[in-house]
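Here the structure is laid out as structure tokens; the discussion comes afterwards.
The values are calculated or read from the model by the stated rules, or taken from the named source; none is laboratory data. Bear in mind the structure is a predicted one, so any value in this text is a computation, not a measurement. Methodologically, a virtual Cβ is constructed for each residue, glycine included, from the backbone with ideal geometry; neighbour enumeration extends over all protein chains shown.
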Ligand code: 5CA
Ligand code: ZN
């Protein structure tokens, strides 16, 4: 499936080597818990970012997550790497089917509508599209093949439930289990219950075992398979999607912080057992965006939507700037004032890049590269451009090329189009 409209990324002038910039992009990864270079020294970086469950419109929390990995994509490209990027769409899962049933809408129609909205939001925000945009319903055969690969490990079984003997995987038996999240068993059980797991289901061999194939229930979509008619579990969807496009040991798996456990740990457990190789080399997680004192979430209904802001007249580049004003790893709360402040910043930057001349772009570009390669420090990058644009608006500098060069750097590294 084509993801969304491609975005042209301008090239920015090279900075002289006297400006020392780290060669590699580094992140504070969840698995290493320290600043770690991510991506190869040269060649192609592989990135898998967990996509939406399309039952409600894209909110600013989702947008913040995809924007974060867009910054990583841009930083890698700027550092001279090619990037292979895959993203899934969880277009068959409990919350989607429950919402469809509750509202009397066909689940497929609901999913397609929401996928459409998501794509137009991503286009408006100038997020570079993934190379593969993969609905779960399009890879059922890949899931079945992966389960077959897992089954030879002896870690796959049918739950003791005569009515619904669904298929499970003995997650906690996987080599290296826990190395991504660093959680102890008690914390894992709590997180599992909170994020789509079923620790209390009778008939499982271990509370942390995860569903890999759910047998058909009346009124639910189902596909024929060697495991019986049914549909995939959640983690196996992402494991199959990533492995079959990026291979094993790809560079980064990303998503919001709510996916660190169980989702990413369990994807990795399945992939490691099926292939004997590591899944992602690094895991990166984005802080939760809140509204009115709670995490913004579809289930709570406390949402601010990209599409609503844009329909109400917001410049999508101001929405992007408002999000970029927060470092990706922290939790933060959305307020309407942040959009006003971002619009004022955007106006100032646009006025500055329209000037005939300004102070040199060379140190500005070096500082932007340095800050973005250092754990995607977007708030500091914004301050770098603020300083340059204030100087230009105060009449400083004689460099006629500087305004165009700063505009190109803001676009290439931050995705903020100023022209
Ligand atoms: N389909 C699964 C991933 S395979 C899923 O979690 N879908 S989602 O629609 O619930 O979330 C999509 C992405 O947005 C995930 O990476 C999730 O971690 C992230 N996300 C959800 N809510 C927030 C929030 N409030 N702040 C930041 N990121 C969020
Ligand atoms: Zn996922």
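The set of residues in region 22-49 being outside any strand (DSSP E or B) and without any contact (Cβ under 8 Å) to a residue 40 or more places away in the chain consists of 34, 41, 42, 43. Of everything in region 303-315 that is free of Cβ contacts under 8 Å to residues at least 12 places away in the same chain and part of a loop (DSSP other than H, G, I, E, B), the residue that is nearest to ligand 1 (Cβ to nearest atom) is 312.
Scanning region 39-56 for residues that are in contact with a helix residue (DSSP H, G or I) (Cβ under 8 Å, 6 or more places away or on another chain), under 30 Å from residue 110 (Cβ atoms) and either at pLDDT 95 or above or near ligand 2 (Cβ under 10 Å from one of its atoms) (or both) yields a total of 7.
Could you please let me know if residue 382 is in contact (Cβ under 8 Å) with a residue 60 or more places away in the chain, outside any helix (DSSP H, G or I), surrounded by 14 or more Cβ atoms within 10 Å (Cβ to Cβ) and touching a helix residue (DSSP H, G or I) at 6+ places or on another chain (Cβ under 7 Å)?
Considered against the rule, which asks whether it is in contact (Cβ under 8 Å) with a residue 60 or more places away in the chain, outside any helix (DSSP H, G or I), surrounded by 14 or more Cβ atoms within 10 Å (Cβ to Cβ) and touching a helix residue (DSSP H, G or I) at 6+ places or on another chain (Cβ under 7 Å), residue 382 comes out as no.
Tallying residues that are surrounded by 16 or more Cβ atoms within 10 Å (Cβ to Cβ), touching a strand residue (DSSP E or B) at 6+ places or on another chain (Cβ under 8 Å) and in contact (Cβ under 8 Å) with a residue 40 or more places away in the chain within region 145-178 yields 11.
The set of residues from region 50-84 being assigned to a loop (DSSP other than H, G, I, E, B) and either in contact with a strand residue (DSSP E or B) (Cβ under 7 Å, 6 or more places away or on another chain) or within 14 Å of ligand 1 (Cβ to nearest atom) (or both) comprises 50, 51, 52, 53, 54, 55, 56, 57, 58, 79, 81. When we screen 9, 89, 105 for residues that are under 18 Å from residue 255 (Cα atoms) and either over 18 Å from the mean Cα position of the chain (by Cα) or within 16 Å of ligand 2 (Cβ to nearest atom) (or both), the only hit is 89. Among the residues making up region 195-235, those that are within 16 Å of ligand 2 (Cβ to nearest atom) and not in a strand (DSSP E or B) are 195, 196, 197, 233, 234, 235. Between 114, 87, the distinction of being in contact (Cβ under 8 Å) with a residue 24 or more places away in the chain, under 27 Å from residue 316 (Cα atoms), within 11 Å of ligand 1 (Cβ to nearest atom) and assigned to a helix (DSSP H, G or I) belongs to 114 only. Scanning region 246-287 for residues that are away from ligand 2 (no atom under 12 Å from the Cβ), under 12 Å from the mean Cα position of the chain (by Cα) and not in a strand (DSSP E or B) turns up 257, 287. Listed by first and then second residue, the pairs with beta-carbon distance under 6 Å, at least 6 apart or on different chains, first residue in region 50-70 and farther than 14 Å from residue 327 by Cα, second away from ligand 2 (no atom under 16 Å from the Cβ) and outside any helix (DSSP H, G or I), are 57/305; 59/296; 59/303; 59/305; 60/289; 60/304; 60/334.
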